[in-house]
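The values are calculated or read from the model by the stated rules, or taken from the named source; none is laboratory data. Computed from a predicted model, the values in this text were never measured in an experiment. Don't worry about glycine lacking a Cβ; one is built from the backbone with ideal geometry, like all the others, and counts go over all protein chains shown. Quick note on the areas: whole protein, heavy atoms, side chains included, nothing else; ligands and nucleic acids left out. Shrake-Rupley method; radii C 1.70, N 1.55, O 1.52, S 1.80 Å.
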Amino acid sequence: MKELNVIKKRSNDPAAQKMLEVTAEEHIQTAWDRLELQQPQCGYGQLGICCRNCGMGPCRINPFGEEPQRGVCGATADTIVARNLARMIAGGAAAHSDHGRDIVEVLHLTALGKAQGYKITDVEKLKRVAKEYGVAVDGRKPEEIAKELAEEVMKEFGMVKGRIQFVERAPEKRKEVWKKLGVLPRGVDREIVEIMHRTHIGVDADYVNILLHGLRASISDGWGGSMIATELSDILFGTPKPIESVMNLGVLKKDMVNVIVHGHNPVLSEMVVKASSDPELVELAKKKGAKGINVVGICCTANELLMRQGIPIAGNFLHQELAIATGAVEAIVVDYQCIMPILPHIAKCYHTKVITTAAKAKIPGALHIEFEPEHAYEVAKKIVKEAVEAYGSRNPDRVRIPDVTMKVMAGFSAEAILQALGGTPKPLIDAIKTGKIRGIAAIVGCNNPKIKQDYNHVTLTKLLIKNNILVVETGCAAIANGKAGLLVPEAADQAGEGLKEVCKSLGIPPVLHMGSCVDISRILVLAAAVAKELNVDISDLPVAGAAPEWMSEKAVSIGAYVVSSGIFTVLGPIPPVLGSMKVATLLTKDLEKVIGAVFAVDPDPEKEARLIINHIEKKRKALGLS
Ligand code: SF4
Ligand code: MSK
């Protein structure tokens with residue numbers, strides 16, 4: 001069995017620590033064990049200097065300055081590192097944007113009356129967004145508006161329009177920067193495809209040119225695909241408002257059928273929640289001896305449900321295996337992204353069913369029930385029924401749910417924040433001007449077993465709020481801080497005097513949960529609103545970003561569009577770029593001159609906090625604020 005001190009080094013979360021004891025006792029391998037087995041990880045991969053983009057390879061560059069210094073085609077380390085990084089951006093932007101496309105399609109089908117169980121929930125937002133797109137709203141039914149809006153949005157994925165509407169939301173000064181650099185995106189898919197073209201053997205070999213295009217594709221994610229996903233999800237399912245709930249593995253119930261939804265898209269999980277209260281299924285659950293059906297979430301689909309419906313969250317990325325090991329999960333229902341292919345393997349040790357639902361995301365060993373919006377409710381019922389049926393096979397002697405939960409307040413969409421401020425960002429700006437709030441930091445991104453789970457998120461967040469920096473969060477970072485008790489108004493007691501005063505007067509936490517990974521677009525909207533009010537660029541604001549435990553390609557795309565938007569961003573894990581000093585220097589230094597922001601990398605959260613505080617103070621000084 002793993003020793004206790006090893007387990008404590010793996011996670012900061014008491015529920016995870018308890019479950020790691022269980023997995024060790026039961027000889028269940030987890031991501032942490034598999035990371036150990038992978039050691040030493042490939043040095044070429046870590047530095048980004050291996051290439052297998054053609055059949056003459058794979059090629060690698062000797063990092064010690066000796067031969068080989070070029071690949072078979074002659075590509076240098078600079079070219080190879082830049083190409084690899086650009087391909088990571090393409091992967092991340094594609095994931096977010098394809099998620100966005102799925103939402104557009106469901107909105108379209110809903111408007112046509114062909115999507116079973118869905119409706120347009122936020123008509124006011126529908127009209128607001130439609131107007132941005134030039135879609136007439138007066139005297140029209142919501143369905144008519146939604147149909148035309150969805151069709152307009154669909155055009156932005158390819159090259160029909162040649163521009164992305166939501167880019168117009170950026171301040172004029174930012175758009176000027178993008179225009180001058182030639183990185184204004186022309187279409188969501190187009191920029192991603194162009195990355196794949198440029199990085200093919202014998203196309204773009206200029207590392208600067210490759211990376212600038214990487215930024216362009218990332219902007220098409222942040223201000224395109226992701227923003228589309230957020231805005232259209234709000235139209236379909238409602239724009240989040242402050243809401244209370246609970247987090248951590250203790251949300252699983254000993255006497256209920258537990259269904260975990262995991263993945264990213266609310267289209268599936270919203271319907272699973274609906275089906276879980278279907279009288280026929282509740283009755284069946286009772287017949288099986290359960291008190292009812294309990295739906296909880298993991299990762300970003302959890303954040304989507306929490307933000308709009310207050311559905312409890314079982315945990316973030318590194319909780320997925322641990323949740324199954326509680327022995328209390330009847331089904332883990334997944335769509336796509338961040339789902340470990342190991343799940344069916346672990347589920348085999350229990351009665352848990354892993355149910356895949358997306359044609360584009362099947363996992364060997366899982367039960368596949370294809371989700372179609374046209375029959376959404378029926379399919380969701382079928383899925384929940386599978387879970388209810390599994391309850392009878394649960395072994396009560398193996399149920400070990402850690403008694404750990406934490407209250408949270410979430411639901412801080414940009415609209416909700418502005419509403420809390422009285423409809424304008426002015427009170428927030430005034431608080432920044434007087435110095436009660438020194439600045440704003442966005443902490444986002446994943447868990448990564450290379451870093452003690454949640455430790456960097458929580459340590460960094462605590463240090464920032466202590467220094468009167470308001471923290472806004474999404475994704476697994478928000479779940480980390482929720483589990484640590486920082487997403488409640490009482491957490492203001494841990495903040496510096498100024499931030500504490502502002503939070504207490506508004507009744508809000510010092511750490512605002514703004515949603516899922518695609519909802520980082522909400523942070524961009526908020527930053528743009530503040531910059532416009534002050535008539536400056538986003539890069540002039542005392543704001544910063546951080547992804548202290550990132551692991552996914554989506555996080556690479558996020559980091560790229562946050563920096564492209566003018567926001568200094570600190571990363572915890574080192575991205576695979578150190579094989580080219582030129583690329584590393586461009587990203588951490590030279591970008592400042594052209595785009596107004598850079599990346600910094602530090603795996604130590606205290607140093608990350610220092611970097612962010614210094615940056616915010618520098619920006620305050622430049623704005624003439626004390
Ligand atoms: Fe090697 Fe060039 Fe082919 Fe890459 S593209 S595998 S560096 S020959
Ligand atoms: S779920 S991308 S592990 S934040 Fe969005 Fe969490 Fe990262 Fe997935």
> What ranking of Asp430, Asp493, Asp122 comes out by heavy-atom accessible area, probe 1.4 Å, highest first?
Replying inline: Asp493, Asp430, Asp122
> Can you run phi through the Karplus equation (6.51, -1.76, 1.60; θ = phi - 60°) for the stretch 160-171 and list ³J(HN,Hα) in whole Hz, with x for Gly and Pro?
Replying inline: 5, 8, x, 7, 10, 4, 5, 4, 4, 6, 6, x
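In what sequence, highest mean first, do 125-133, 450-458 appear when ranked by Cβ atoms within 10 angstrom? Numbers along the way, then the final one.
Working: 125-133: 18.3, 450-458: 24.9.
Packing proxy ranking, top to bottom: 450-458, 125-133.
Between Gln39 and Asn62, what length in nm is gained on full extension when 0.36 nm per residue of separation is reduced by their alpha carbon distance? Write down the numbers at each step before the final one.
Numbers: separation 23, 0.36 × 23 = 8.28 nm, distance 2.02 nm.
Taking 0.36 nm per residue and subtracting the Cα distance, the gain is 6.3 nm.
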>> Can you tell me the length gained on complete extension of the stretch Glu105 to Arg398, counting 0.36 nm per residue apart and subtracting the Cα distance?
In response: 101.2 nm
> To one decimal place, what Kirkwood hydrodynamic radius in Å is obtained for the stretch 4-60 from all pairs of distinct Cα atoms?
Replying inline: 13.9 Å
>> Taking the full set of protein chains and a 1.4 angstrom probe, give the accessible area of Arg438 in square angstrom, rounded to the nearest 10.
In response: 50 Å²
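Given a 1.4 Å probe and heavy atoms of the protein chains only, how would you sort Lys114, Lys288, largest accessible area at the top?
On the way: Lys114 120, Lys288 80 Å².
Order by accessible area, largest first: Lys114, Lys288.
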> Which three lengths, in whole Å and largest first, does the chain cover when its Cα atoms are put on their principal axes?
Replying inline: 66, 66, 52
> Could you name the lysines in cross-link range of Lys287, using Cα to Cα under 27 Å and dropping any fewer than eight places away on the same chain?
Replying inline: Lys253, Lys254, Lys274, Lys348, Lys353, Lys381, Lys382, Lys385
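Stokes-Einstein diffusion coefficient for the stretch 101-154 at 10 °C in a medium of 1.306 mPa s, Rh from the Kirkwood formula over Cα pairs: what value in µm²/s?
Values: Rh = 10.9 Å.
Using the Kirkwood radius from Cα pairs, D works out to 146 µm²/s.
How many percent of all Cα-Cα pairs in the stretch 41-116 sit more than 22 Å apart? Can you show the working numbers first?
On the way: 1277 of 2850 pairs.
So the pairs more than 22 Å apart make up 45 percent of the total in the stretch 41-116.
Over 31 Å between Cα atoms, which of Lys175/Lys407; Lys554/Lys593; Lys241/Lys436; Lys179/Lys589; Lys125/Lys407; Lys161/Lys619 qualify? Mind showing how you got there, number by number?
Values: Lys175/Lys407 40 Å; Lys554/Lys593 25 Å; Lys241/Lys436 25 Å; Lys179/Lys589 21 Å; Lys125/Lys407 29 Å; Lys161/Lys619 37 Å.
Violating the 31 Å limit, Cα to Cα: Lys175/Lys407; Lys161/Lys619.
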> Rounded to the nearest 10 Å², what accessible area does Tyr207 show when all protein chains are kept and the probe is 1.4 Å?
Replying inline: 50 Å²
> In Å, what is the Rg of the alpha-carbon atoms in the stretch 412-622, and how long is Dmax?
Replying inline: 15.8, 50
> So what are the ³J(HN,Hα) numbers for the stretch 439-453, from phi and the Karplus equation (6.51, -1.76, 1.60; θ = phi - 60°), rounded to whole Hz, Gly and Pro as x?
Replying inline: x, 10, 10, 9, 10, 9, x, 8, 9, 8, x, 6, 10, 3, 3
> Convex hull over the Cα atoms of the stretch 360-481, averaged projected area in nm²?
Replying inline: 12.9 nm²
> Can you list residues whose amide H is under 5 Å from Gly439's amide H, if they're 5+ apart or on another chain and H is modeled 1.01 Å from N?
Replying inline: Leu470
> Using a simple spin-label model with points 7 Å from Cα along the Cα→Cβ vector, what separation in nm is obtained for Ile369 and Asn535?
Replying inline: 5.9 nm
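What's the long-distance tail for the stretch 253-398, i.e. % of Cα pairs beyond 22 Å?
Values: 3084 of 10585 pairs.
Cα-Cα pairs in the stretch 253-398 separated by more than 22 Å: 29 percent.
For the stretch 169-296, what is the accessible area per residue in Å², given a 1.4 Å probe and the full set of protein chains? Kindly include the intermediate steps, with their values, before the conclusion.
Values: 4410 Å² over 128 residues.
Computed with neighbouring chains in place, this is 34 Å² per residue.
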>> Can you order the peptides 419-429, 148-158 by their average number of other Cβ atoms within 10 Å per residue, highest first?
In response: 148-158, 419-429
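Can you give the FRET efficiency for Val208 and Gln419, using 1/(1 + (r/R0)^6), R0 = 60 Å, r = Cβ-Cβ distance, to the nearest 0.05?
Calculated transfer efficiency: 0.90.
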> Tell me, what is the per residue accessible area of the stretch 461-585 in Å², probe radius 1.4 Å?
Replying inline: 25 Å²
> For the chain, what % of the accessible area comes from carbon and sulfur atoms, probe 1.4 Å?
Replying inline: 54 percent
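What does the convex hull of the Cα atoms come to per residue for the stretch 299-376, in Å³?
Details: hull volume 7.7 nm³, N = 78.
It comes to 99 Å³ per residue, whole-number rounded.
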>> With viscosity set to 1.567 mPa s at 4 °C, what whole-number translational diffusion coefficient in µm²/s follows for the stretch 412-533 from Stokes-Einstein and a Kirkwood radius over Cα pairs?
In response: 91 µm²/s
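Please work out the average accessible area per residue across the stretch 4-60, using the 1.4 Å probe convention, and give it in Å². Display every interim value, and only then the final one.
Working: 3210 Å² over 57 residues.
Accessible area per residue: 56 Å².
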> Just how much of Lys241 is accessible, in Å², when a 1.4 Å probe is used and the result is rounded to the nearest 10?
Replying inline: 130 Å²
